[in-house]
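S.K.: Here you go, one structure.
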Amino acid sequence: MNKLLKKTLKILLPVALGGFILYWVYRDFDFARAKEVLLHGTNWGWMLFSLFFGVMSHVFRGWRWKQTLAPLGAYPKTSDCVDAIFVSYAANLVLPRVGEVSRCGMLAKYDDVSFAKSLGTVVTERLIDTLTILLITGITFLMQMPVFLRFFEETGTKVPSLVHLVTSPWFYVVLFSIIGVLVLLYFLLRMLSFFEKVKGVVLNVWEGVMSLKSVKNIPLFLLYTVLIWGCYFYHFYITFYCFAFTEHLSFLAGLVMFVGGTFAVIVPTPNGAGPWHFAVITMMMLYGVNATDAGVFALIVHGIQTLLVIILGIYGWLHLSLVNRTKQNPRGGD
C-alpha cells in the first residue's frame, strides 16, 4: 500500500502543482476571447510550419542518440531511436522525467541495447543540453539585460525588494515551482541510491556517460545539437506569426521568452504546464502585449504543442510495435 501511495503521489503532485499555477495565472481570464482567437484569429499555416520544427527536433535527437550508442557496440534501428524519443516525451506528460527511463527500456526491449549503458548516454545528452541552454541564456541575457531585470522586478524577485518579494502573488508561484524542482531532485536521488545497490549498474551507466569521447564524428554530433535547439526555438518563435497581436514581436523577444520558457519547464509539471504559461505571459507583457492576449497565446500554443507530443507518442508506440512485430514475423521481411 505504501508503494502504491508513493506511485500515486508521483503522478498526482506534478498535476496538482501545474493545476494550481494554471488556476492562479488564469483565475480571472476571459476564456471566450481564447475561443474566438482559436476559431477565427489563428493563422494555421504558420502553426503547421511551427509544428514541423517540433517534429524535427525529436528526429534530430533520435539521430544524435544513435550516434552516442555506437561506441558502446549498440546499433539500434534509426527509426527505433526516433520512435523511442517520441514516446518518451509523451510519457513525460504522465510522469515528468520518466521519459528518459522509458526510452532506454524500449531500446532494451526491441534492440537488445543495455538499459544501464543507454541510460548513461541520456545523462550525457542532458549535460550537453544544459551547457547549450546556458550558452544561449548567457548570450540572450547580455543582449536583453534590461528586459530580464524588468522581469525580475515584475515577478517580485528583485533582490533588494524583500518586502515586495513576500507580498507579490507571483512570488508564491515561483516558490511552489522551486519546491516542485526540489521534490523532483529528491526522487531522482532516491532512484540513484537504488541503482547503486544493483551490482554493475553504476559502472554500465558510467560507460554510457563516457561514450561521448568515443563518438566518431564529433562535428556531426555538434551539428545535431545545434539543429535540435534551433528547432526548439523556431517551434516556439514561429507561433508569433500565428496571431495579429504577436506578429510584431522581434527575434530577440522570441529568444528572451524561449529562454524563460525553457527554464520554466524544469519545474516538474506535465509539459511545463503552469510555470511555462507564467513565464511566457509575464515576459510577453514586457514587450507590450496586453495580459489577455498574452494569456491567449500561451494557452493556445501550449495546448497545440502538447497535442503534438501526444500524437507523436501514439505514433511512435504504434510504429515501434508494428516494425518490430514485422521483423519477428517470418513472412514480414527485415
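The values are calculated or read from the model by the stated rules, or taken from the named source; none is laboratory data. On a predicted model such as this, the values are computed, not experimentally measured, just so you know. Cβ sites come from the backbone with ideal geometry, for glycine too, and all protein chains shown count toward neighbours. Heavy atoms of the whole protein, side chains included, go into the accessibility calculation; ligands, DNA and RNA do not. Shrake-Rupley method; radii C 1.70, N 1.55, O 1.52, S 1.80 Å.
S.K.: Keeping all protein chains in the complex and leaving out DNA, RNA and ligands, what accessible area do you get for residue 79 with a 1.4 Å probe, in Å² to the nearest 10?
M.R.: 40
S.K.: Taking 25 Å as R0, compute the FRET efficiency from the Cβ-Cβ separation of residue 263 and residue 291 and round it to 0.05.
M.R.: Working: r = 21 Å, r/R0 = 0.85.
After rounding to 0.05, the efficiency reads 0.70.
S.K.: For a bin width of 5 Å, list the pair-distance distribution of segment 234-334 built from all Cα-Cα distances, rounded to whole %.
M.R.: 2, 12, 19, 20, 12, 8, 6, 5, 6, 5, 3, 1, 0
S.K.: Report the extension gain between residue 218 and residue 39 in nm, rounded to one decimal, defined as 0.36 nm multiplied by the number of residues separating them, less their alpha carbon distance.
M.R.: Values: separation 179, 0.36 × 179 = 64.44 nm, distance 4.60 nm.
Taking 0.36 nm per residue and subtracting the Cα distance, the gain is 59.8 nm.
S.K.: Using the Kirkwood formula over every pair of different C-alpha atoms, what hydrodynamic radius in Å results for segment 57-144?
M.R.: Evaluated over segment 57-144, this radius sits at 13.6 Å.
S.K.: Multiply the residue gap between residue 20 and residue 314 by 0.36 nm, knock off their C-alpha separation, and tell me the result in nm, one decimal place.
M.R.: Computed gain between residue 20 and residue 314 is 103.1 nm.
S.K.: Would you kindly state how much longer the chain becomes between residue 75 and residue 101 on full extension, computed as 0.36 nm times their sequence separation minus their alpha carbon distance, in nm to one decimal?
M.R.: 7.5 nm
S.K.: For segment 1-152, calculate the relative contact order in percent as a whole number, restricting contacts to Cα pairs under 8 Å that are 6 or more residues apart.
M.R.: Computed over segment 1-152, the figure is 17 percent.
S.K.: Compute log10 of I(q)/I(0) for segment 222-273 with the Debye formula, placing one identical point scatterer on every Cα and leaving out solvent, at q = 0.28 Å⁻¹, to two decimals.
M.R.: Computed log10 I(q)/I(0) values: -1.08.
S.K.: Separate question: When N is the residue count of segment 4-119, what does its C-alpha Rg come to as a fraction of 2.2 N^0.38 Å?
M.R.: Numbers: Rg = 19.0 Å, N = 116, 2.2 N^0.38 = 13.4 Å.
In units of the globular-protein estimate, segment 4-119 measures up at 1.42.
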